[in-house]
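Everything on this sheet refers to the single structure shown next.
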Amino acid sequence: MIDFITLCDYVGTFAFAISGIRLASAKKFDWFGAYVVGVVTAVGGGTIRDILLNATPFWMTQPSYMVISGLALLFVLVFRKYVIRLNNTFFIFDAVGLGLFAIVGIAKSIEFGFPFWVAIVMGTITGAFGGMMRDILINEEPLIFRKDIYALACVFGGLVYYGCDCMGVPLPLTQFIAAVAVFMARVLAVKYHVSLPALKGEE
């Protein structure tokens with residue numbers, strides 16, 4: 001039976017891969033190019049996390065992530081009429097992947113024995129850096145560097161995770177609440193235009 005974190009990892013992979021493929025399609029990439037963008041989006045943040053944790057990158061030992069990214073491409077091809085044309089599709093899948101991957105990164109860091117502040121950093125890297133690599137590949141300004149609340153949503157989810165853990169909330173429920181917190185922080189920030197002020201040079 002798949003545990004909650006593994007389920008988050010798989011669903012997050014599918015969601016992030018779709019977000020990458022969706023943007024690649026807008027740039028008129030071919031199928032293989034779109035698949036590559038989807039894979040990088042899905043595994044990029046987790047790869048950096050594993051390297052920093054001194055672990056073998058997860059996708060190198062489990063081919064399921066490549067398969068899931070392929071299924072994401074198939075999903076976009078089959079439902080392209082709806083997926084590509086809907087402007088909010090990318091945002092929803094990206095926000096879902098962000099929340100799920102942040103929790104996966106936190107859980108894995110704790111499993112490796114690192115303190116909670118490191119886990120929050122790793123959760124942020126897992127959630128946000130795949131999208132950064134995606135934006136670089138498609139020649140867009142990385143979302144993480146814009147005013148939008150993106151990486152900070154992962155930090156917020158990490159703090160919620162820590163708070164629930166301190167209060168003795170059961171682990172699966174803690175992980176679920178924290179993932180929802182990341183998702184809601186991202187959605188509400190966009191809906192109500194909450195952002196950090198831009199850093200301006202001398203005028």
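The values are calculated or read from the model by the stated rules, or taken from the named source; none is laboratory data. It should be emphasised that the depicted structure is a prediction, and the values quoted were computed from it without experimental measurement. Virtual Cβ from ideal backbone geometry, glycine too; neighbours counted across all protein chains shown.
Residues in segment 52-72 that are under 17 Å from the mean Cα position of the chain (by Cα) and either among the hydrophobic types (A, V, I, L, M, F, W, C) or part of a helix (DSSP H, G or I) (or both): 7 in all. Assessment of segment 169-178 against the conditions (modelled with pLDDT of 95 or more, under 15 Å from residue 95 (Cα atoms), of a type outside the set (Lys, Arg) and crowded, with 22+ Cβ neighbours inside 10 Å) yields at least one matching residue. Taking segment 179-203 as the range and being aromatic (Phe, Trp, Tyr) and surrounded by 17 or more Cβ atoms within 10 Å (Cβ to Cβ) as the test, only 183 passes. Tell me which residues, restricted to segment 137-168, are surrounded by fewer than 16 Cβ atoms within 10 Å (Cβ to Cβ) and of a type in the set (Phe, Trp, Tyr). Of everything in segment 137-168, just one residue is surrounded by fewer than 16 Cβ atoms within 10 Å (Cβ to Cβ) and of a type in the set (Phe, Trp, Tyr), namely 145. Every condition in (1) surrounded by 15 or more Cβ atoms within 10 Å (Cβ to Cβ); (2) among the aromatic types (Phe, Trp, Tyr); (3) assigned to a helix (DSSP H, G or I) holds for residue 114 except the one numbered (3).
Here 130, 99, 105 are screened, and the one residue that is part of a helix (DSSP H, G or I), modelled with pLDDT of 95 or more and of a type in the set (Gly, Ala, Ser) is 105. Kindly indicate whether any position in segment 7-16 is surrounded by fewer than 22 Cβ atoms within 10 Å (Cβ to Cβ), part of a helix (DSSP H, G or I), of a type in the set (A, V, I, L, M, F, W, C) and free of Cβ contacts under 8 Å to residues at least 12 places away in the same chain. Yes, the conditions are met somewhere in segment 7-16.
Of 21, 48, all but one fail to be under 17 Å from residue 130 (Cβ atoms), surrounded by fewer than 22 Cβ atoms within 10 Å (Cβ to Cβ), in contact (Cβ under 8 Å) with a residue 40 or more places away in the chain and not charged (D, E, K, R); the exception is 48.
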